[in-house]
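Accompanying notes for the structure given below.
The values are calculated or read from the model by the stated rules, or taken from the named source; none is laboratory data. These numbers were taken from a predicted model, which means no experiment stands behind them. Note that we place each Cβ from the backbone using ideal geometry, even for glycine, and neighbour counts take in every protein chain shown.
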Amino acid sequence: MNKSELRKIQKEKLSRIKNKAEQEEKILAQLFLDNWFIDAKTVATTMSTAIEFDTAKIRQSQKRILLPRIVGTKMEFIEIHPETEFDTSAFGIQEPIGEVFKGEPDLVIVPGLAFNLLGDRLGFGKGYYDSCLKDNKVPTISLVLNEQLVDDIPVDDHDITINKIYTTNATSF
């Protein structure tokens, strides 16, 4: 199965999850006990969409939170504050308006549509995370609903591997 076929299947599957909030609670409990998360002062995460893992509790943590903004073909991180304003991207995602964060986050929570326990990830198809993370050594974690876990993901040379995967049933390091 190619990437575009798997994306279509995963989007459909994720749109029908019944126990999403329950899964998210179990996975977040693991994340909040993870030493990488505990030690991180600056965490990059996403403004999640309806089918994605809800990152609201991460954004509300006592960490310095960065959210992505797409500019042209590149992704940059913006630090958010209570007064941060947002606009809607061409993809329908809320993106922060503000100064680009200088430096690297201590941890990046990487979204996706499908994952395996080896750390392979199928994103949404634009390669923003792969491009942004390819040359740095920032630790990466993905929070994976059961419906996102698959055995086989097509992988290209430019695809990054996630360092840790948290699910309700298994954890991969």
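Summary table below
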read-out	value
Filtered residues of segment 120-135 (kept if under 19 Å from ALA90 (Cβ atoms) and either over 13 Å from the mean Cα position of the chain (by Cα) or in a loop (DSSP other than H, G, I, E, B) (or both))	GLY123, PHE124, GLY125, LYS126, GLY127, SER131
Exclusive hit being surrounded by fewer than 10 Cβ atoms within 10 Å (Cβ to Cβ) and closer than 19 Å to ILE141 by Cβ, set GLN30, GLN62, GLN23	GLN62
Long-range neighbours under 8 Å by Cβ, at least six apart or interchain, first residue without any contact (Cβ under 8 Å) to a residue 24 or more places away in the chain within segment 70-91, second loosely packed, with under 13 Cβ neighbours inside 10 Å and part of a strand (DSSP E or B)	ILE78/ILE97; ILE78/VAL100; THR84/ILE97; GLU85/ILE97; ASP87/ILE97
Qualifying residue in segment 136-155 (condition: modelled with pLDDT of 85 or more, over 12 Å from the mean Cα position of the chain (by Cα), of a type in the set (D, E, K, R) and not in a loop (DSSP other than H, G, I, E, B))	yes
Unmet requirement for ILE165, which otherwise passes all of (1) hydrophobic (A, V, I, L, M, F, W, C); (2) under 22 Å from ILE9 (Cβ atoms); (3) outside any strand (DSSP E or B); (4) at pLDDT 90 or above	(3)
Residue within segment 68-75 that is closer than 18 Å to THR167 by Cα, within 13 Å of the chain's Cα centre (by Cα) and surrounded by 10 or more Cβ atoms within 10 Å (Cβ to Cβ) present	no
Residues of segment 33-54 that turn out to be in contact with a Ser or Thr (Cβ under 8 Å, 6 or more places away or on another chain) and under 19 Å from VAL138 (Cα atoms), as a count	3
